[in-house]
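In what follows, a structure is listed as C-alpha cells, so that the remarks can point back to it.
The values are calculated or read from the model by the stated rules, or taken from the named source; none is laboratory data. Because the structure is a prediction, the values reported are computed rather than measured. A quick note on method: Cβ atoms are made from the backbone with ideal geometry, for glycine too, and the neighbour counts reach across all protein chains shown. Quick note on the areas: whole protein, heavy atoms, side chains included, nothing else; ligands and nucleic acids left out. Shrake-Rupley method; radii C 1.70, N 1.55, O 1.52, S 1.80 Å.
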Amino acid sequence: MGSVFDEKDFLACCGSTKFGKEMVAAAPFSTLQDAILAARHIWFNKVDVNGWLEAFAAHPQIGQSPSKNHQSPTFAQWSKGEQSTALATATDSTLQELFEWNARYREKFGFVFLICASGRSTLEILAELKIRYQNRPIIEFEIAAQEQMKITELRLAKLFTDKADTAPTIKPLATTNIARKAEEDRVKIIGAHMTAATGDAGAKPAHIPNRTRPPITTHVLDTSRGCPANGIEVQLEMWNDNQTRPQFGKANIGGWKVLGSSATDKDGRSGQLMNMVEALAPGIYRISFNTGEYIPDGFFPYVSIVFEIRESQKWDHFHVPLLLSPFSFSTYRGS
C-alpha cells in the first residue's frame, strides 16, 4: 500500500476538480516521486484549458490573503505560507505597485498572475510580473501552467510529509503495479496503452499508431519578447557507452554521439533531429540549444538538457520545449 489521500487533499495542491479526480483514480502512490510523475502527466495531458483556468482562479492575487471562504482551508493556509517571504519584504509602496501591476496583468490575460512565490521577495515577484506582462497570451498561459505545476509539486511534498507524521510506517510492495498503471495511463494520451507482457516484451503494442514525426522534438519560446525563438541551433545526442553512464561533475568526454542538428523556424520549432524510427532506443539523451548566439548578452552561452528514456517508453513521443529569456530558462516533458 501507499499513502492514502482523497480528492480534498489533491485539491489543496491544485484547484482543478479534474486534477483532483484524476489523482484519486491514479492513487495510491508508494512514494512522493510516483505522485509527482502522475501529477505532471495529469496536469499537462489530461486537464483541459478550463481546468487550468479553474486552478488559476483558486489562487489569491500575489500580496493578498486567500478568501476565508476558500473551498479548501488547507489550500488557503499553504498559499498564505508561500507568500510569507513576499509579504515580509513588502513596503506600502511595493504592495501598491504590485496591486496595480496585478490588475494590469489580469486585464490583459484574463487570469491572476501565477508564480511559485516560495522564498521570493516582493521586488523579485514584481520584476518577474513586469517581464511576463510583455508576453503574448498563448505563451503566458503555458508559463502560468508551469508555475502551477511547481506549486503543486511543493504542496504534494507537504502532503506526504504531513501524512508521514501521522501514519504508521508501511512496508512498500515489491511489485511495480502503481508505476505500470501510471505508465499505461500516460501512453493512452497519445492513442495507445501499454499492456502486460504476455509474449515478446519488445513487440509493438497493437493499439499504438505508426509515427508521423520523429520520437524526440522540441520548440523554443522567447519569453522576454513574447514570441517563438527563430534561428536557434539545436543538437540532439545520445550516450553511446554501454559500460558507463554520464555523471554529474565529470567531463563525460567521448561518450556522446550526435544524432542530428537543426535550427528553429519562425514558429520556434526545430527541424528533424533524428531518424524516423518506430521504436526509440532506450538510453540517455542530451538536447542542446545555442542560446548564446541567439542572445549574445544573455546569461547562458548554451543550454543542455539531459534525460533518460526507459525500455517501457520506447514507443512514446518526447517533446522537450525550452522557455527562454536572457536570464532564465525552464523546460518540461510534453507529449
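What the table below lists for this structure:
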quantity	calculated
Dipole of segment 221-330, positive direction: furthest Cα of S304, Q272, S325, with charges on the beta-carbon	S304
Accessible area (Å², 1.4 Å probe, nearest 10) - H319	20
Carbon + sulfur, % of accessible area of segment 200-335 - ligands and nucleic acids excluded, 1.4 Å	50
Cα gyration tensor shape for segment 199-335, rounded if a/c is under 1.5, else prolate or oblate	oblate
Where labels lie 7 Å past Cα in the beta-carbon direction, separation of F327 and K266 in nm	3.3
Ellipsoid semi-axes in whole angstrom, largest first, where each is sqrt(5λ) of the Cα gyration tensor of segment 230-305	24, 18, 8
Charge sum, other residues only, whose C-beta stays under 13 Å from S118's C-beta, Lys/Arg counted +1 and Asp/Glu -1	+1
